[in-house]
Amino acid sequence: MLVLIYGPPLSAKTTLARELASRYKSSFYVDLSFIKTSKQEKLLYDALDKNEYKSSQTKTSKTKKDLKQGRSVEVQVEKTTSLDKDFIDSYDIYIFDNFKDEFFLLAGLKNAIVITKEFIELKDYKAIKTFSFDYATLKAKHDCNLPNFIKHGNNPSLYDVSESKRLNLKLQSLKLALGEDLDIFLHLLEWQSCKVSFNFLYKKLRLSMKISKDRIYLLLHKLESHSIIFTKTNRLYFYDFSLGVSLGLSTFMQSFENMVFLELIALGFELVASKQGTFESTKFCFLCLPFASGDILEKRLKKISLLNSKVAVAITMSYELKGVNILALPFERLPLLLDERLTS
């Protein structure tokens with residue numbers, strides 16, 4: 001089995017890798033971004049030593065002596081090298097987390113799982129993209145109720161730790177994923193769920209920091225390719241809808257709209273920008289109105305349905321309505337949109 005797993009931070013990439021590896025009798029796991037004092041890292045570097053790989057220090061790397069002290073290590077290896085055969089035969093499957101370009105580690109392996117931030121081309125590897133769970137899946141796996149979901153977000157790895165540690169875990173994962181770009185990313189949270197363009201974001205960011213247009217555009221494209229932000233609907237959404245509220249940088253209304261967007265994506269909807277609604281799919285025009293109800297909402301939905309010939313759907317917290325080409329659905333009941341009988 002040769003598998004590439006990629007996706008945004010805290011989307012259970014490592015959990016999935018371990019589940020796949022559990023089918024085998026023995027497995028080897030190593031996190032290539034954090035070299036720790038452990039049996040796994042010692043075995044890996046012993047295997048490198050057996051083949052007399054040449055390593056050299058860089059500004060960010062340390063020697064093997066530093067490895068024993070638990071510091072981060074970066075080893076530069078000639079492209080012609082591969083792991084020692086005895087090491088390859090020692091385990092049934094190998095997991096390489098936070099993989100970048102250490103391709104020499106994969107040579108000769110029959111069973112391997114590679115975990116990356118974004119898609120990379122690996123011959124003979126099956127690619128699996130992870131994404132934040134929809135609410136129903138998260139509720140089933142972690143006994144998560146809606147208030148907790150709204151507060152902590154839809155990233156499954158968070159629910160494996162205690163509630164008091166979740167915000168710190170979010171920030172640690174972001175720091176690992178973004179590095180020196182973390183501060184810029186946190187500034188973006190102010191415009192969560194707002195209509196934006198890359199040029200608009202550049203002009204706003206320029207007011208609070210010294211930054212070039214090229215760097216902003218490059219970063220925004222990178223964040224989008226890593227599924228950390230989404231701008232296809234001409235609105236700015238984040239992979240974790242709860243981040244802004246958790247840090248006091250956005251409102252519940254912004255978070256709710258982002259939450260609905262991610263839920264619909266997780267359910268398989270392809271969403272695009274909409275003139276009448278918040279966003280739309282091939283069949284539906286969506287409005288995110290958590291506290292709307294009554295005749296005013298019904299009239300608004302009928303008007304939208306007439307204008308774009310689609311079923312107009314308002315996503316609310318609790319209000320429910322069904323009419324000709326109009327719907328109001330509580331967030332928890334969004335999977336009903338997949339039922340043709342409801343929307344026919």
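Every number here is computed from the coordinates shown, using simple stated rules; none is lab data. Quantities reported herein were computed from a predicted structural model and do not represent experimental measurements. Backbone-built Cβ (ideal geometry, glycine too); neighbour counts: all protein chains shown.
Tell me which residues come under 5 Å, amide H to amide H, from Thr130 once H is placed; ignore anything under 5 positions away on its chain. Close amide H contacts, sequence-distant or interchain: Tyr6, Gly7.
Tell me which residues come under 5 Å, amide H to amide H, from Ala112 once H is placed; ignore anything under 5 positions away on its chain. HN-HN under 5 Å from Ala112: Leu2, Val3, Tyr94.
FRET efficiency for the pair Ser318 and Ser90, taken as 1/(1 + (r/R0)^6) with r the Cβ-Cβ distance and R0 = 56 Å, rounds to 0.50. Over the C-alpha atoms of region 211-344, the Rg to Rh ratio, Rh being the Kirkwood estimate, stands at 1.01.
Coupling constants for region 254-262 follow from the phi torsions by the Karplus curve (6.51 cos²θ - 1.76 cosθ + 1.60, θ = phi - 60°), and in residue order they are 5, 5, 4, 4, 4, 4, 5, 4, 5 Hz; glycine and proline get x.
Pairs over the 23 Å Cα-Cα cut-off, from the set Lys129/Lys310; Lys100/Lys126; Lys25/Lys85; Lys275/Lys303: Lys129/Lys310. In whole Å, what is the distance between the alpha-carbon centres of region 285-344 and region 144-198? Distance between centres, Cα-based: 29 Å. Extending 7 Å from Cα along the Cβ direction at Leu167 and again at Lys139 yields two label points whose distance is 2.7 nm. Computed from the Cβ-Cβ distance with R0 of 30 Å, the FRET efficiency linking Thr251 to Leu306 stands at 0.45.
Using R0 = 22 Å, the C-beta based FRET efficiency linking Lys232 and Phe200 works out to 0.90.
The string of couplings for region 109-116 from the Karplus curve (6.51, -1.76, 1.60, θ = phi - 60°) is 7, 8, 10, 8, 10, 10, 10, 9 Hz, one whole number per residue in order, with x for Gly and Pro.
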